[in-house]
1. Quick one: grab the alpha carbon gyration tensor of the range 186-233, order the square roots of its eigenvalues as a ≥ b ≥ c, and give me rounded if a/c is under 1.5, else prolate or oblate depending on whether a/b is larger than b/c.
2. When you take every Cα atom in the range 44-131, what is the radius of gyration, and what is Dmax, the widest Cα pair distance, in Å?
3. Name the most mobile residue of E216, E45, E161, meaning the one with the largest mean-square fluctuation, in a Gaussian network model of the chain with Cα contacts below 10 Å.
4. Excluding same-chain residues fewer than 8 positions from K4, which lysines have a Cα within less than 29 Å of its Cα?
5. Per residue Cα convex hull volume for the range 153-246, in cubic angstrom?
6. Average projected area of the Cα convex hull of the range 94-179, in nm²?
7. Based on the inverse mean of 1/r over its pairs of different Cα atoms, what is the Kirkwood hydrodynamic radius of the range 98-234, in Å?
8. Have a look at Q248, Q230, Q152 and tell me which one the Gaussian network model of the chain (Cα, springs below 10 Å) gives the largest fluctuation.
Amino acid sequence: MIRKCLFPVAGYGTRFLPATKAMPKEILPIVNKPLVQYGVEEASEAGVHEFGFVTGRGKRALEDHFDISFELEHQIAGSGKEDLLTSIRDLIDNNSFAFTRQNEMKGLGHAILTGQNLMGDSPFAVILADDFCVPEKGHDGVLAQMTALYNQFRCSIVAIEEVPADQTHKYGVIAGEPMKDGLYRITDMVEKPNPEDAPTNLAIIGRYILTPDIFEILSRTEPGKGGEIQITDALLEQAKNGCVLAYQFKGRRFDCGSIDGFVEATNYVYENIYKEGKS
Ligand code: UTP
């Protein structure tokens with residue numbers, strides 16, 4: 001069973017400046033809910049109830065969001081607005097939240113390694129909150145799809161999607177042997193390749209399940225592309241020594257780390273989730 005989930009949220013969110021000058025990118029709202037809360041809800045629906053956050057300077061709002069605000073609850077009691085706090089209060093009551101800091105921005109692999117004390121020695125999930133995912137109709141959430149696969153295969157799993165060839169330079173890209181519908185056993189991974197160097201157009205997005213041996217590998221992984229410690233380099237070692245799966249999830253991803261993706265997600269949620277909830 002996957003019980004823990006790590007959120008690396010130390011990045012500066014420079015693409016959203018000046019909005020992110022004093023506010024974490026993960027607190028930006030998609031309609032009326034912060035981006036990070038959608039990720040926590042997705043994990044909670046997958047049966048994960050212990051959350052770790054790797055934060056950095058200027059991220060205090062994240063800790064406050066996952067803490068009770070007695071003053072606010074007292075203030076709105078009897079005003080008819082209590083329901084607006086129900087979803088976050090339920091999350092706070094039914095899950096635990098722990099925080100640690102990445103002091104230097106040395107890449108996603110380093111951020112995950114920084115979360116080792118919070119994740120311990122069990123397999124765990126990783127969610128990049130700026131990849132906002134919605135499942136295909138009739139399917140579980142994306143992380144629940146992945147935890148079901150983990151229960152079957154017991155190895156690290158990355159979520160992938162097809163991207164246009166001219167976009168491969170933004171992602172880790174995999175090559176793999178097809179196992180069954182949408183599932184590959186990874187044979188190669190390249191971080192942010194130019195189209196001519198990309199082995200496929202299957203790009204890793206921000207959902208991972210990692211077995212805890214990843215920490216030992218990360219601790220001796222040298223900085224790679226961009227001078228950062230890359231999770232793809234550590235995963236490639238895992239893949240070569242054993243097995244790492246890539247799963248083409250059933251659903252849709254919005255790249256909320258970019259302005260265009262963020263606006264698309266906002267429109268989608270407003271039309272398909274927020275308005276439907278109101279009617
Ligand atoms: P990004 O590079 O996409 O996010 O990292 P960013 O740095 O926040 O945004 P921009 O590019 O400046 O606009 C992907 C994810 O990895 C985390 C980020 O918080 C983000 O969720 N990350 C990245 C860390 O936590 N630490 C790092 O050293 C690097």
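Coordinate-derived values only; no laboratory data. Remember, it's a predicted structure, so these values are computed and weren't measured experimentally.
1. Details: a/c = 2.30, a/b = 1.43, b/c = 1.61.
Here the range 186-233 falls in the oblate category.
2. Cα radius of gyration and Dmax of the range 44-131 are 15.5, 48 Å respectively.
3. Its mean-square fluctuation being the largest, the pick is E216.
4. The qualifying lysines are K25, K33, K59, K106, K137, K170, K180, K192, K225, K240, K250.
5. Working: hull volume 8.6 nm³, N = 94.
Dividing the Cα hull volume of the range 153-246 by its residue count gives 91 Å³.
6. Numbers: hull surface 33.7 nm².
The number I arrive at for the range 94-179 is 8.4 nm².
7. On the way: mean 1/r = 0.0631 Å⁻¹.
Taking the inverse mean of 1/r over all distinct Cα pairs, the range 98-234 comes out at 15.9 Å.
8. For the chain, modelled as a Gaussian network with Cα springs under 10 Å, the answer is Q152.
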